[in-house]
Each structure stands twice: as structure tokens, then as C-alpha cells.
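J.: Dumping the structure here so I can ask a few things about it.
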Amino acid sequence: MIPKQRIRVRALVAGAVVALAAGAMVATNATAQNKEPIKIGFSMAQTGPLGPNGQQALLGMKIWEEETNAKGGLLGRPVQLVYYDDQSNPSTIPGIYTKLLDVDKVDLVLGGYATNMVAPAMPIVIQKKKTFISLFALDVNHEFKYPKYFAVLPTGPKTKPSFTEGFYQIAMQQNPKPTTVALTFEDGEFSQNACEGARENAKTFGMKIVYDKSFPFNTPDLSPVVRALQAANADIVVVCSYPLSSVNMVQAVNEANYKPKMLGGAMVGLQATVFKNKLGSKLNGIINYETWVPTDKMMAPAAAFFKKYQERAGAAKVDPLGYYLGGWGYAYISVLGNAIAGAKSIDDDKIADYLRKHTHKTIMGDWAYGANGEWTKSGMMQVQYHGIKDGAGLETWRGMSYQNVLTPASLATGKVIYPYEKAK
């Protein structure tokens, strides 16, 4: 038996060790907070058509900032986000990044959300020789080939075709196989790039393009486009669009009772809760891309983040689930944070070198970088909406009951309902 006095001594020693450790942590955090912060600058849509998605991303980034500073910051310094609302307007971007670098004197920059917002920043970033991680920007480095650019978008090396490749794969699995395709796309950087990929896929899969036309950005009434698609009478229809036009297209298709055999592909916005609420049963049958869905497998590494995000979403007045951009906002800034820690530096060249040479583990999955700063493997999915009733609430959108993952086969959760009208 151990004497009581010895037990007391051990308890006192143990208590002292815990106190010293806690004190050291407080001291470390205090030291970090007393130093100049590492300033990370970026634009992020908070208003305009991209606002609902950009708001999600920003909340994810703020959660990362708070967690990082609670742990003592990076390199013994706190981190500070410096950001401006780009209003979903590409013309604001050059001014924002010039101010961030020349006036705010940020240490590092990140890209904003979406192709249209990242592309205008590239010339400034290249001139300043900054490392640049973008969020959901499609193939913007194709022309620049800037060695310090890194995308956070799961397209893989086949950037432009990736958004619709699964859509065509599903079509080719049907009997009889559809033979004709119509392409309609919004006049914007992302939509043009995605439609270029859809043309490549049509050629790859041996389908005849019978309609291939753009429509103006944010067109409020797309019924003339739908009538033209009806006249073309293609078997399947690929739509490449930004959020408001995606919503307007779904509404116009339903109003016209248009029923091609397949419809969808690369429609941004349908992933957001606000637009799911707006469209309800009109979504049934549409097959569209996704980058992440809340299956048990995908949710496992992200559950703690989404619990925190969803607890704060109401007060922040943002998307209540955050599945489309909340998690990705957290992931893309965490990749930068890990690179700073790994490189032990905020030097852009050293951070870029670290990003090129390592696999990056995040709550949204793991990836590595290849040519032009794109992922070495694709993580794009195609899902189909089904069984949605008008008035479906948050609990419906929280799970998988209303959508099936169709591609890739390794992630599939159900089979396609074909043709489209069977799911209506």
C-alpha cells in the first residue's frame, strides 16, 4: 500500500505539471496575440447572385480563423482575415486586390469564390508574385500557367469536361442510348468553360450537338431559350449556368412542361438551401454536378465542423447547412494554414513549394496538385433530385433522401430515374 503522504505529494506534483502546462499554453497564446498578425486578404461575394454561397464560405473561414488563434496562431503569430465584398461583380476585383496588397499590406492573398471573380485577380497576383489558392474557379490558370496558383475545386486534371463527364456517362448507360445533345450556357467565364468541356464530352461519347447557344448573364426570363431547346428536340440537354439563371432555367422548363430525356449538368446554385427551398418539386428529375454530399462516408471527417457551422448559421443569417461552400471555405483556408506551418514561413515561394510537394488532408477530403495547380484526381459527382414535395423543409435538405449520387460508381447511392419525366 502506498502511504497517504506519498499520494499527496504525487497529486501535488501532478497538479503542478498540469498548471504549468496550462500556463504555458496561455502564455504561448498570449505571446502570439501580442505579435503582429499574419494578414490574409481576399474578396468574397456577400451580396449579388453569388452572395448566398460566398456567405457560407466566409463563415467557414471565420471558424478556421477562430480555431487557429485559439491554438496559438501560426508561427507564433495570430492570423487575421482582411476581406471585402466583391458584390458578385468581376469589375470590383482589380481594385480590391490592389487595395489589399498596396494599402492594407496583407502578407498573403487567397482567391475569392467563383471563376468570374478569380480570373480578374490573376494579373495582379502574378505581377506581385503571390501564391494564390482559389475557391471553385474553373480552369482559370489554363492561359496564365502561373506556377504559384492552386485550385480548390475537385475537377482533377480534365478541368472543363469534369463538370459534365458523369452526365454523359449516365446517358451512355441507357438503352437505347440517346444520340443528340443540346448545349445552352450563360455568357460568363465559368459557364463558357464548362460548356467547352461539354462539347469535348459530346465528341468523346459520340453524341451529335443539335443546339449550342449562349444567353446573356442573369437573364430573368429564359422561356425563349426553352422554346428554342424544344424546337431543337435533342435527347439530352446540358445547362451551364450561374445561380440566378439556374433557378430561372428550372422554372422556365417546368412552366413549358419541357421533358427531354435528361436535363442538367453544370448548374451552379441548385446546391444551396435557399434555392432548394425556392424550387421544391421543380427540381425532381434534374441531374446535376455536386462536389460534396452528406453521405455517412463523406460526413465522417467533417461532422464536428458542420455542427459548429450550423449552430452559428442562424445568427450569421447564412445558409443553414453550409454543405456547398461552408465546408469548402474552411478547407481551402486550412490548406493555406497547413502550408504556412509546414513551410515554417509566410514566404510565397516556400508556401507554393510546400503546396506542390504534399498531399493535403482536409475535412472535405484529401488531394494533391499537378499541372497548372489543378488536382491530380477528380472528385466531381452527378446527383439526381427525386421525390421532393413542395414545402420540403430543412430536415429534407439535411440528408440524402431526396438525391441519389449517380457518378462516380464508387460513391453511388442509387440508380438514375430515366427518362426525366418519370421523376417529375
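The values are calculated or read from the model by the stated rules, or taken from the named source; none is laboratory data. Everything numeric here is computed off the predicted structure, so don't read it as measured data. Quick reminder, even Gly has a Cβ in these numbers, built from the backbone with ideal geometry, and neighbours come from all protein chains shown.
J.: In region 370-412, what residues are more than 30 Å from residue 157 (Cα to Cα), of a type in the set (Val, Ile, Thr) and touching a residue at least 24 places away in the same chain (Cβ under 8 Å)?
T.: Selection gives 388 alone.
J.: Also, I was wondering about something else. Of these, 72, 95, which one is modelled with pLDDT of 95 or more and within 30 Å of residue 304 (Cα to Cα)?
T.: Answer to the selection: 72.
J.: Restricting to region 171-198, what's the tally of residues that are in a helix (DSSP H, G or I) and surrounded by fewer than 21 Cβ atoms within 10 Å (Cβ to Cβ)?
T.: 3
Every residue, every condition in (1) closer than 28 Å to residue 319 by Cβ; (2) in contact with an Asp or Glu (Cβ under 8 Å, 6 or more places away or on another chain); (3) surrounded by fewer than 19 Cβ atoms within 10 Å (Cβ to Cβ), yes or no:
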{"residue": "52", "(1), (2), (3)": "yes, yes, no"}
{"residue": "58", "(1), (2), (3)": "yes, no, no"}
{"residue": "73", "(1), (2), (3)": "no, no, no"}
{"residue": "77", "(1), (2), (3)": "no, yes, no"}
{"residue": "84", "(1), (2), (3)": "yes, no, no"}
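J.: Criterion first (at positive phi, in a loop (DSSP other than H, G, I, E, B) and within 26 Å of the chain's Cα centre (by Cα)) does residue 206 satisfy it?
T.: Answer is no for this residue.
J.: If you take the residues of region 250-265 that are under 19 Å from residue 168 (Cβ atoms) and surrounded by 20 or more Cβ atoms within 10 Å (Cβ to Cβ), which of them is nearest to the chain's Cα centre (by Cα)?
T.: Of region 250-265, the ones under 19 Å from residue 168 (Cβ atoms) are 260-265.
Subsequent filtering for residues that are surrounded by 20 or more Cβ atoms within 10 Å (Cβ to Cβ) retains 260, 262-265.
On the way: 260: 29, 262: 24, 263: 22, 264: 18, 265: 16 Å.
Checking each candidate, the answer is 265.
J.: Here's something else I'd like to know. Any chance region 243-264 includes a residue that's of a type in the set (Phe, Trp, Tyr) and outside any loop (DSSP other than H, G, I, E, B)? Don't jump to the end; show me each part of the working.
T.: Taking region 243-264 as the starting set, the residues that turn out to be of a type in the set (Phe, Trp, Tyr) are 258.
Within this subset, residues satisfying the condition of being outside any loop (DSSP other than H, G, I, E, B) are none.
Scanning region 243-264, I find no residue that is of a type in the set (Phe, Trp, Tyr) and outside any loop (DSSP other than H, G, I, E, B), so the answer is no.
J.: Regarding region 232-242, can at least one residue be identified that is of a type in the set (Asp, Glu), surrounded by fewer than 22 Cβ atoms within 10 Å (Cβ to Cβ) and in contact with a Leu (Cβ under 8 Å, 6 or more places away or on another chain)?
T.: Looking for residues that are of a type in the set (Asp, Glu), surrounded by fewer than 22 Cβ atoms within 10 Å (Cβ to Cβ) and in contact with a Leu (Cβ under 8 Å, 6 or more places away or on another chain), one finds none in region 232-242, hence no.
J.: Please tell me if residue 62 is modelled with pLDDT of 50 or more and over 30 Å from residue 186 (Cα atoms).
T.: yes
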